[in-house]
Amino acid sequence: MAKVIAVTSGKGGTGKSTICAGLGYTLAKQGHRTLIIELDFGLRCLDIMFGMEGQIKTDLTDVLNGKKKVLDAACQVPMASNLSILCAPKTLTTVNAEQIVEICQSVKKYFEYIIIDTGAGINSRVFEIVEQANLILVITTPDPVCIRDATLMSDEFYNRGNKSQRLIINKVSKKVVGSKLISHLDQIIDDVGVQLIGVIPDDFKLSLSTGTGEPIPTDSLALRAFDSISKRLGGELVPLSVKIS
Ligand SMILES: Nc1ncnc2c1ncn2[C@@H]1O[C@H](COP(=O)(O)OP(=O)(O)OP(=O)(O)O)[C@@H](O)[C@H]1O
Ligand SMILES: [Mg+2]
């Protein structure tokens, strides 16, 4: 039965979709059947990230209006055979937590991981959807505003009884850590109050590959971080080595 992982953040643009794509890619490469469900309505991007622009004929709308079953609407990613994506509609559509639970339930036996890419922002719809997941990945960057929003979001999850949270610090660079902006990564972990599962470097190779729809190059530091986080998600004890440039 699939483990459902919700990827979320208080602030927009923290790298949720990029992280869903990166983790989906490395989990699939490690042999795990993985589905990414994109809930960023009206702002579809996974198709571009996986080089599938113009090839998506079915999306979440087809499932929501009952035209397609999830497995028929999901598209297999050419660059990773174990990975499928269920793209967000290009137009604004509403969805509720029950529908997402139903969608996950209907395909749980076909996948080992279901990753949900939530839209940005703290609103009740996001909370209701995210708290149905087995694990919540809270994403922040080393930016004080972003850290504040991640803290508020995570506190709200704790208040609602969601203890299963892990923190990812994204877009980390030597320029920022140790600067006036943020003294040390520990400061972020203490502020947010969530156990760290990984640190992803600010890596132009990553944004270049997701922007052009090409596989992340093997010498990308971000790819290494995704690989380690994917293993930790499966319970492997992988040392946390932070390689940033
Ligand atoms: N580790 C990284 N290194 C370099 N660039 C990154 C990294 N992570 C994300 N980015 C870039 O940051 C931008 C925002 O990323 P992304 O779209 O994944 O954020 P998001 O949280 O999904 O945004 P939204 O809240 O709008 O859904 C993109 O241009 C992406 O390429
Ligand atoms: Mg996004």
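Want the number for Ser81 to Asp219: 0.36 nm per residue separation, take away the alpha-carbon distance, what's left?
On the way: separation 138, 0.36 × 138 = 49.68 nm, distance 2.12 nm.
Taking Ser81 through Asp219 to full extension adds about 47.6 nm, to one decimal.
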- Nonlocal amide H pairs with Ile200, under 5 Å, H built at 1.01 Å: Ile169, Asn170, Lys171, Val172
- Pairing the Cα long axis of helix 16-29 with the longest principal axis of the chain, what angle in degrees results, from 0 to 90 and rounded to the nearest 10? 70 degrees
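Would segment 171-213 count as rounded, prolate or oblate if I go by the C-alpha gyration tensor, calling it rounded below 1.5 in a/c and otherwise prolate when a/b exceeds b/c, oblate otherwise? Spell out each step's value before the answer.
Values: a/c = 3.85, a/b = 1.72, b/c = 2.24.
It is oblate, given that a/c is not under 1.5 and a/b is not larger than b/c.
Hey, fewest Cβ within 10 Å first, where do Leu240, Leu221, Leu27 land in order? Write out the running numbers ahead of the final one.
Numbers: Leu240 13, Leu221 17, Leu27 28.
The order, fewest Cβ neighbours first, is Leu240, Leu221, Leu27.
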- Task: Take Asp40, Asp186 and order them by how many other Cβ atoms sit within 10 Å, fewest up front.
- Result: Asp186, Asp40
- Unit charges on C-beta of K, R, D, E only; dipole of segment 3-233, Debye: 340 debye
- Candidate aspartates and glutamates for bridging to Lys171, where Cα separation is under 20 Å - those fewer than 8 sequence places away on the same chain excluded: Asp117, Asp143, Asp149, Asp186, Asp190, Asp191, Asp202, Asp203, Glu214, Asp219, Asp227
- Task: Please determine, in degrees from 0 to 90 and to the nearest 10, the orientation of helix 97-107 with respect to the longest principal axis defined by the Cα atoms of the chain, where the helix direction is its Cα long axis.
- Result: 70 degrees
- Query: So what is the relative contact order for segment 3-233, in percent, with contacts set as C-alpha pairs under 8 Å and at least six apart?
  - Reply: 27 percent
- Query: Simple spin-label model, 7 Å along Cα-to-Cβ: Tyr158 to Val242 in nm?
  - Reply: 2.0 nm
- Task: Could you tell me how many degrees, from 0 to 90 and to the nearest 10, lie between the Cα long axis of helix 221-233 and the main elongation axis, the longest principal axis, of the Cα atoms of the chain?
- Result: 70 degrees
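Using the C-alpha atoms of segment 3-233, what convex hull volume per residue, in cubic angstrom, is computed?
Numbers: hull volume 25.2 nm³, N = 231.
Expressed per residue, the convex hull around the Cα atoms of segment 3-233 is 109 Å³.
No value in this document is a laboratory result; all are computed from the given coordinates. What you see is a predicted model, and the numbers here were worked out from it, not measured in a lab. Methodologically, a virtual Cβ is constructed for each residue, glycine included, from the backbone with ideal geometry; neighbour enumeration extends over all protein chains shown.
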